[in-house]
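The block underneath contains the structure these notes are about, expressed in C-alpha cells.
The values are calculated or read from the model by the stated rules, or taken from the named source; none is laboratory data. This structure is a prediction, so every number in the text was calculated from the model and none was measured. Don't worry about glycine lacking a Cβ; one is built from the backbone with ideal geometry, like all the others, and counts go over all protein chains shown. Surface areas here come from the heavy atoms of the whole protein model, side chains and all, with no ligands, DNA or RNA. Shrake-Rupley method; radii C 1.70, N 1.55, O 1.52, S 1.80 Å.
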Amino acid sequence: RSTFTANDYLTYTIRFENTGTANAINVKVEDFLDAKLEPSSIKMIDASAAYSLERVGNHLIWKFSGIDLPPSIAENTTGKGYIVFQVKPKPGYAIGDIIPNSASIYFDFNPAIVTEPCLTEFVNALSTNTFALNDLQLYPNPVKNKVSISNSSVIDTVVITSVLGQEILR
C-alpha cells in the first residue's frame, strides 16, 4: 500500500552549470512533462535567479534573461544555477508506473544540453504491521562508516542492504 495520495506532489530539481569560458547572458530551460503528469498543477518552489516561466500544455519554458552567469569555478557556486518545482501525477497512477522526466538547457545560442532522465517509480511502501524486535536500537541514522545495533533479545542475523536493495553486509 502506497502512502502517496492524489494531494501529493513529485518534486523535481533541474541543475545547470556554465562550463564554458565566457559568461552566459541568457539561460533557457525547457521541460516537456510526461503524459502521466498534470501540467496545470505546477508549483514553483525555488530558483537560483530571477526567471520567467511559460507553460504551453505540457511544455514548460523557464527563461533566465540577463542572468550573466559566469563560468563555473571549482568548489564554488559561481556559474551554477537551479530550478525546483513540483507537479502532481494525473489520477490513475498505479504501483509499477514509471514517470520519466528530463530537461533541455540552453546557454545563449548554444545547442541544448539534455539532462539524464529522472525516473520516478511508484512502489509499495516499505512497512510492516508486526515487528518482533520491539526494543531494537540502531544508530546513528543515517549511517556513514559505523552502525550500532542492540536489542533486549538475541539477534540471529543482521543483513544490511543499500537503498537499491543490494546486500552490503551480512
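Please state which of the following conditions residue 141 fails to meet, knowing it meets all the rest: (1) without any contact (Cβ under 8 Å) to a residue 24 or more places away in the chain; (2) within 30 Å of residue 8 (Cα to Cα); (3) open to solvent by less than 80 Å² (accessible area, probe 1.4 Å).
Result: residue 141 fails condition (3) only.
Evaluate the range 93-102: report whether one residue or more is assigned to a loop (DSSP other than H, G, I, E, B) and either loosely packed, with under 11 Cβ neighbours inside 10 Å or free of Cβ contacts under 8 Å to residues at least 24 places away in the same chain (or both).
Checking the range 93-102: at least one residue is assigned to a loop (DSSP other than H, G, I, E, B) and either loosely packed, with under 11 Cβ neighbours inside 10 Å or free of Cβ contacts under 8 Å to residues at least 24 places away in the same chain (or both).
Can you tell me which residue within the range 60-93, out of those that are small (Gly, Ala, Ser) and over 18 Å from residue 11 (Cα atoms), is modelled with the lowest pLDDT?
Among those residues, the one meeting the criterion is 74.
Please state which of the following conditions residue 77 fails to meet, knowing it meets all the rest: (1) open to solvent by 80 Å² or more (accessible area, probe 1.4 Å); (2) β-branched (Val, Ile, Thr); (3) over 30 Å from residue 32 (Cα atoms).
Tallying (1) open to solvent by 80 Å² or more (accessible area, probe 1.4 Å); (2) β-branched (Val, Ile, Thr); (3) over 30 Å from residue 32 (Cα atoms), residue 77 fails exactly one: (3).
Residues are listed down the side, and each one gets a yes or a no for (1) hydroxyl-bearing (Ser, Thr, Tyr); (2) closer than 28 Å to residue 111 by Cα:
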{"site": "4", "(1), (2)": "no, no"}
{"site": "9", "(1), (2)": "yes, no"}
{"site": "14", "(1), (2)": "no, yes"}
{"site": "18", "(1), (2)": "no, yes"}
{"site": "24", "(1), (2)": "no, yes"}
{"site": "34", "(1), (2)": "no, yes"}
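What do you reckon, is residue 78 over 21 Å from the mean Cα position of the chain (by Cα), farther than 23 Å from residue 28 by Cα and in a loop (DSSP other than H, G, I, E, B)?
no
Scan the range 14-45 residue by residue and report those that are out of contact with any Ser or Thr (no Cβ under 6 Å at 6 or more places or on another chain) and either free of Cβ contacts under 8 Å to residues at least 12 places away in the same chain or open to solvent by 70 Å² or more (accessible area, probe 1.4 Å) (or both).
15, 21, 25, 32, 35, 36, 40, 43, 45
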